[in-house]
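Written out below as structure tokens is the structure these notes cover.
The values are calculated or read from the model by the stated rules, or taken from the named source; none is laboratory data. All of these numbers come straight from a predicted model, not from anything done at the bench. Reconstructed Cβ throughout: ideal geometry from the backbone, glycine too, with neighbour counts over all protein chains shown.
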Amino acid sequence: MRHTRASRWKAVIAASCLGIALMGVSVPAFGAAQSLEEETLRLVSAFPAEDSLQRDELASELLKLGPEAILQVCRLLRPPGPEDDAKARFALNGIVTYAARNGAETQRRVLIKALHRALEELEAADVRAFLIRQLQLVGGNESVKPLRRFLLDPRLCDPAAQALETIGTPEAEKALRASLGKAAGKCRVTLVRTLGELRSRKAVKKILEFTENPDPEMRRVALFALANIGDPRAEAVLSRVPVAASSYDRTRAPSLYLLYVERLMESGYRVQGTRICRRLIQNYTAPQDIHVACAALNLLVETWGERGIEDVFRAVESPSGELRQCALALAERLGGPEVTARWVEKMTRVPPESQAQIIAMLGRRGDVTALPSLKRMMRTGEKIVRLAAVPAVKRLGGPAVIPDLIDHLETEDAEEIAAVREALLGFPAAEVVPAAVEALEKGPPLSRAALIEVLAEKKARDAADNVLALSESDEPPVRRAALAALADVCGPKHLPQLIKRLLDATDPGEVRLLQDAVAGAANQIPEAEERARRLLDTMASLQGEKKILLLRPLPRIGGSQALETVVRETQSEVPRVRAVAVSVLSQWPDFEAAGHLLSIFRSAEEAKLFYPAVLGYVRLVAESGLDEQEKLARYRELLDTREESEARRPVFSGIARLATEAAFRLAVSYLDEPDLRSAAAEAAGRILINNEDIRDRLPRSEFRDIVHKSAGAVADETLRQRLDALLRDILLEEGFVPLFNGRNLEGWKGLVADPVRRARMSPEELAEAQAVADRRMRDHWKVVDGVLVFDGKGDNLCTVQDFGDFELLLDWKIEPGGDSGVYLRGAPQVQIWDPAQWPEGSGGLYNNTTGPSSPLQRADHPVGTWNTFRIKMIGDRVTVHLNGILVVDNVVMENYWERDKPIYPVGPIELQAHNTPLYFRNIYIREIPRENEKANPARSVCLSQDRSDSRRPEEGE
Amino acid sequence: MLITDIGMFPARNSKMHAASFCIILGGASAGMTNRLTRRDFLKRTAFAAASLTLVPRRVLGGAGFLAPSDELTKAVIGVGSMGRVHLTYPGARLLAVCDVDANHLKRALEIAGPGVLGTRDFREVLERENVDIVHIVTPPHWHALISIAAAEAGKDIWCEKPMTRTIAEGQKVVEAVQRNGRIFRVNTWFRFRGTFYGLGTTVRPIKKAVSAGLLGWPLRVTLSRATGFDWKFYWVGKTHLEPQPVPPELDYDMWLGPAPFKPYNPHRVHITFRGYWDYDGGGLGDMGMHYLDPVQDILDKDHTSPVEVEAEGPQQHPDACGTWRRLRLRYADGCEIILDGEQTEGRVPFIKGPEGCLFRNLESDIPGFQEKVASLPDPEPPETDFIRAVRLRRKFALNEENGHRSCTLVNLCKIAVRLGRPLRFDPKAQRFVNDEEANRLVSQPMRAPWHL
């Protein structure tokens, strides 16, 4: 009866309603007269809700319609497939969440009842799994019975057991246990796992049977379950491990044993557990096992608390620093001052490494009774001990120990000075500054330098006069530290003195520090326009190149008068002042300077003026709030303004920071301009790397070519590698395979004679000749930083595999006078050479005698930079693109070895050695199936067998 | 069958047990004795000492720590796009890589060069004694499981963010790492290094200012586009996925591991897995720990969690993560964190307190703010070099404990977004108060045979 009704429902939904409900077309409300089905569908179609309020309203209305309506929602579920049931899933999960809230027991019951009925009625396993997962969120003990029947169903035992585990009642445990006897395979593993999680003691006897099961997953899960249950009956299997057990199981055994011991102690068997833990600590001392001792010690302390302290003291005797550290982590929170006293006493009787560890622990422990001993250790211990004592003393002693720490600076040891400096920085300025100032006059130079650094970090403006005085010290570390600190401690009143020092300074390093100091002091003036005034006044009285000293700090001070002055100095009669002024202007912090830079860029004659101008202008535009389109327009204008490549190259650094397709296109349009190629490629490459959406929008082949072109042109090694990786991904997707792996010569072999002579050799002769050739190959072809490098001596490099029809991509680079070529099917060659000597350029089928042998045009990039070949060979016809330009158009390749024959049907790719160094990378090939292979799959199997034979034609004949 | 008593003999290596039996039967060989004498620090029984010397993982330095000359070794589990980055992290020699996708594995092995083990089963990595550090760069639903197994195998751990997919998983990781004395770090670093996203400053001066009470108390922290944080709402799942054949290179069952079985669709796995609750939690999962961990640190909440969380946003699909509009977390002392997904512009304070506000670039409405900050005590510098932390067994700056508390913010937010009702949380018990369904999301059973 039920079955019939269900079928009818399904028919109804499928025929009429499902489409409407699930396609998102809302059904108009018909008011009270409307049927339950229609009302349900109307509500479901309103999902997903815009917020939780709407979700709760919809869920509440559905629940008001009763279990029948909820059941109807369930019936809208579909197994994953072409039908989109997202609305039904949103609706049902929405109802679950609404009904699962606290205090909604009545609604929850309505829902549960409907879910149970749906589980009975709906048969698709994926739908049931979804329903069970909803029950896992909302179900209670009443769901145990409806769930238990799925525990033996391999498709559903996992979700059912997980739901029962979540419900977690004694009845749930019983249901799982009852099924265990009948379960097999995967479901049995699931049941044992779940019973283990629920710590079912009653299941122990049964689970013990599985510990020797042939299935390793079954055994592992059984051992875990037994350990987690912690029943003494399992002691025998958990305390021992068969020597025949797998390496992983042996690794895991101690942890399972410890889990068992933990449960044992939880249930009162503390003495027994303690004995086991101590035995583990005693025996697990090897470096790779020490974590077991550590875990056992932790377990002891977790169980016994303060009473575990003796075990902790004992563990600190261990030769293993790891176990000692583990014990001391526990010691941090065990016992009061009397235990601190014991640690202090212990500290005196252990080696320095352990002393250092105990000291660090005492610092973290925070008991100040340890302080006097720690202070003593800071003075008298070995270096490792002293280094540990400094932060510990700081922690325990607070500001009161500042004098001790400063006394500790009586050392030449840089590490100790650094430790004290770090400790001093941990005090507030009010505490540490007066003490540091007082100590400035004495002590070794490095220590005084450290104190000056502390004053700088704390911006101790009260100490400015002291620091100024020390900046004239004769001791280099003190003098340098003081000069560096001036920027942080000086204020407006020091400006006259600083400016004077600056004008007198000669050492370039000191000049820079004094300029920093002037900027730092000037920036203390609250009114922006006042900050630069004193510098500008002084500068007005200066002549010639002296002005440069005061010009340089101006970008860090800013203000419109300063800008005006700088702009004026860009017209200075003194060439160096002019150049420095432009450089200063190019560093100006705000956009105000942009117009001035642009006009310098337009009008300047020398590169040393227009180059910094364009750099600064591009930076200001890039950092400005202009929108991307406007920025691009400005860059375009720059590119159109000047012809010089130095003037245009910096523009691409700005373009690279844009994230628009238009910017990308602009960069790409310069990829073929020899002097801008590299900068343009860098911009195009960066935009592509950073913007997945632009990548996705480009047609694949165009994307590939641009990436390839850019990768060949960029100077930045990291970017090149990222682009190569991108290229690799695209090529693999397109069915290309790499011929060169970037690491070694796998897939390549040395050249033996030529095809004609090879064919005449016996297999033995050939094997011997091949071995000689391979040795010679390894001497002369090397992989350096992912590039295949030929040293200029030796023979061709051949692919191990033979190829028929294919498309080959390859990047090459030569040196001046370089000469090489790519052999196709073992025959010469697509030409590579230096166009300075052979002006026709590379790419031609050099050995053709009847057909064309020269490229259609010269498309070479300059010698010493990368070039890209795309070579397509179908039958006997060859097409070559060099750097994206067609240079050989579907030309018949002639057979050089046997002039009366057509080119061989298959053969290796070879890289020709012609006595000059060569570089190759990104070598990819895509084999193109021949027509007859495509037409007949059976034939293609045959062909590929032929092909595998023909890989060694020399052996075949 | 030969059986070893675990309490008496370290169980790991069968060679060693064979050796033990050899010794009983025939006495120690000369070679063995020689090697034994070099390690006189081992005051152990002849059996155990002999067994150790047969398979030394590394020679201990004088202090009982790793000698500085000894190289640390590592394995990377999960070598998709992020895992390949981990291959290059310096400081330890790579010994093994692991991935359930044969293509990932092949590519990683190509990068790694010769002599590196490749496997699809992480357990084969953990059983290797010579591996010191395990990098976990799988999707988040595997993080806890592998972290715990690694800790129990005596490995130190460098785990990707988010640390764990559920709060209960995080508690278990803390327990396993601490009990076994392991060094653990989560792979986010803004609390101790680098400019904090779009905030234009590092965390340190903010922490100094807040700890000294310059802004007063309690504080409200806002993370939105306007304060420099983008919630990446493009990490959403698809609500309708058609099953597709599993590609031959992928072991999908192992990829799912503890997650519920759902038919394969490429959108579930590699990279886009973030859009599904079973594996991660959308933009929150991706950026949550990066953004929230420093805030926990700034507010000095490393040992606690909020007591309230609430979310505003559209209803969530039970499988696919969607977007949200706003989240609010509140601590017991009244401090709040606002995750604002809507406001993208305007001068919004990053931190607002009763005494003043802190904006991007360390700007404040408090006069002389930066000078004041400089005069404050610096916080004690934590250990920020993971390799040194491993060598000297020091807790790393962002470790299992504070990492778990930071990740708890992410996991609280995920639950609030899914349930769409205000929730109260008990930071001590780490369970919700009076909300059974929420608690069922705190702890979620795993698919067999996996368990925590």
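Of everything in region B:324-373 that's hydroxyl-bearing (Ser, Thr, Tyr) and at pLDDT 95 or above, which residue is surrounded by the fewest Cβ atoms within 10 Å (Cβ to Cβ)?
So the residue we want is B:Tyr331.
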For region A:582-603, does any single residue satisfy the condition of being free of Cβ contacts under 8 Å to residues at least 40 places away in the same chain, surrounded by fewer than 16 Cβ atoms within 10 Å (Cβ to Cβ) and within 17 Å of A:Ile655 (Cα to Cα)? no
With the condition kept exactly as written, say whether any residue in region B:417-429 is among the aliphatic types (A, V, I, L, M), at pLDDT 95 or above and touching a Gly at 6+ places or on another chain (Cβ under 7 Å). yes
Return only the number of the condition from (1) in contact with a helix residue (DSSP H, G or I) (Cβ under 9 Å, 6 or more places away or on another chain); (2) within 22 Å of B:Pro205 (Cβ to Cβ); (3) crowded, with 16+ Cβ neighbours inside 10 Å; (4) modelled with pLDDT of 95 or more that B:Glu310 does not satisfy. (2)
Flagged in region A:297-326 as more than 9 Å from chain B (Cβ to nearest Cβ), in contact with a Lys or Arg (Cβ under 8 Å, 6 or more places away or on another chain) and in a helix (DSSP H, G or I), in numbering order, are A:Leu300, A:Thr303, A:Trp304, A:Asp311, A:Phe313, A:Ala315
If you scan region A:192-209, which residues turn out to be among the hydrophobic types (A, V, I, L, M, F, W, C), assigned to a helix (DSSP H, G or I) and either under 40 Å from the mean Cα position of the chain (by Cα) or closer than 13 Å to B:Met446 by Cα (or both)? A:Val192, A:Leu195
Unique match (being in contact with a Gly (Cβ under 7 Å, 6 or more places away or on another chain), facing chain B (nearest Cβ under 9 Å), within 30 Å of A:Arg275 (Cβ to Cβ) and assigned to a helix (DSSP H, G or I)) among A:Ala253, A:Ala225, A:Ala163: A:Ala225
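I'd like to check something: does region B:161-170 contain any residue that is within 10 Å of chain A (Cβ to nearest Cβ) and of a type in the set (Asp, Glu)?
No, region B:161-170 has no match at all.
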Can you tell me which residue is nearest to A:Ala430 (Cα to Cα) among those in region B:193-203 that are in contact (Cβ under 8 Å) with a residue 60 or more places away in the chain and either hydroxyl-bearing (Ser, Thr, Tyr) or surrounded by 19 or more Cβ atoms within 10 Å (Cβ to Cβ) (or both)? B:Val203
Hits in region A:557-581 - residues which are of a type in the set (Ser, Thr, Tyr), surrounded by 14 or more Cβ atoms within 10 Å (Cβ to Cβ) and part of a helix (DSSP H, G or I): A:Thr565
May I ask you to list the residues in region B:238-263 that are within 11 Å of chain A (Cβ to nearest Cβ), in a loop (DSSP other than H, G, I, E, B) and touching a residue at least 12 places away in the same chain (Cβ under 8 Å)? B:Lys238, B:Thr239, B:Leu241, B:Glu242, B:Pro243, B:Gln244, B:Pro258, B:Ala259, B:Pro260, B:Phe261, B:Lys262, B:Pro263
B:Arg405 being in contact (Cβ under 8 Å) with a residue 40 or more places away in the chain, among the charged types (D, E, K, R) and more than 14 Å from every other protein chain (Cβ to nearest Cβ): yes
State all residues of region B:213-228 that are under 23 Å from B:Leu376 (Cβ atoms) and of a type in the set (D, E, K, R); if no residue qualifies, say none. B:Arg220
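A:Ile281 - would you say it is at the interface with chain B (Cβ under 7 Å from one of its Cβ atoms), aliphatic (A, V, I, L, M) and closer than 16 Å to A:Ser239 by Cα? Please lay out each step first, then the result.
Details: at the interface with chain B (Cβ under 7 Å from one of its Cβ atoms): no; aliphatic (A, V, I, L, M): yes; closer than 16 Å to A:Ser239 by Cα: yes.
Considered against the rule, which asks whether it is at the interface with chain B (Cβ under 7 Å from one of its Cβ atoms), aliphatic (A, V, I, L, M) and closer than 16 Å to A:Ser239 by Cα, A:Ile281 comes out as no.
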Quick one: in region A:442-461, of everything that is at pLDDT 95 or above and not in a helix (DSSP H, G or I), which residue is surrounded by the fewest Cβ atoms within 10 Å (Cβ to Cβ)? A:Lys459
Among the residues listed as A:Leu495, A:Leu536, A:Leu502, the single one being buried (at least 16 other Cβ atoms within 10 Å of the Cβ) and in contact with a Lys or Arg (Cβ under 7 Å, 6 or more places away or on another chain): A:Leu495
Matching residues in region A:513-550 (on the phi > 0 side of the Ramachandran plot and in a loop (DSSP other than H, G, I, E, B)) number 0
Since B:Lys301 meets every condition but one in (1) surrounded by fewer than 21 Cβ atoms within 10 Å (Cβ to Cβ); (2) more than 14 Å from every other protein chain (Cβ to nearest Cβ), which condition does it not meet? (1)
Criterion: facing chain B (nearest Cβ under 7 Å), farther than 14 Å from B:Leu452 by Cα, outside any loop (DSSP other than H, G, I, E, B) and in contact (Cβ under 8 Å) with a residue 12 or more places away in the chain - qualifying residue of A:Glu217, A:Glu235: A:Glu217
Which residues, taken from region A:95-123, are within 12 Å of chain B (Cβ to nearest Cβ) and not in a helix (DSSP H, G or I)? A:Ala100, A:Arg101, A:Asn102, A:Gly103, A:Ala104
Pair list, Cβ < 8 Å and 6+ apart or interchain, from region A:328-349 residues that are within 13 Å of A:Gly366 (Cα to Cα) to residues that are among the aromatic types (Phe, Trp, Tyr) and assigned to a helix (DSSP H, G or I): A:Ala331/A:Trp343
Selected residue (criterion: farthest from the other protein chains (Cβ to nearest Cβ)) from residues of region A:342-351 that are assigned to a helix (DSSP H, G or I) and more than 17 Å from A:Lys375 (Cβ to Cβ): A:Arg342
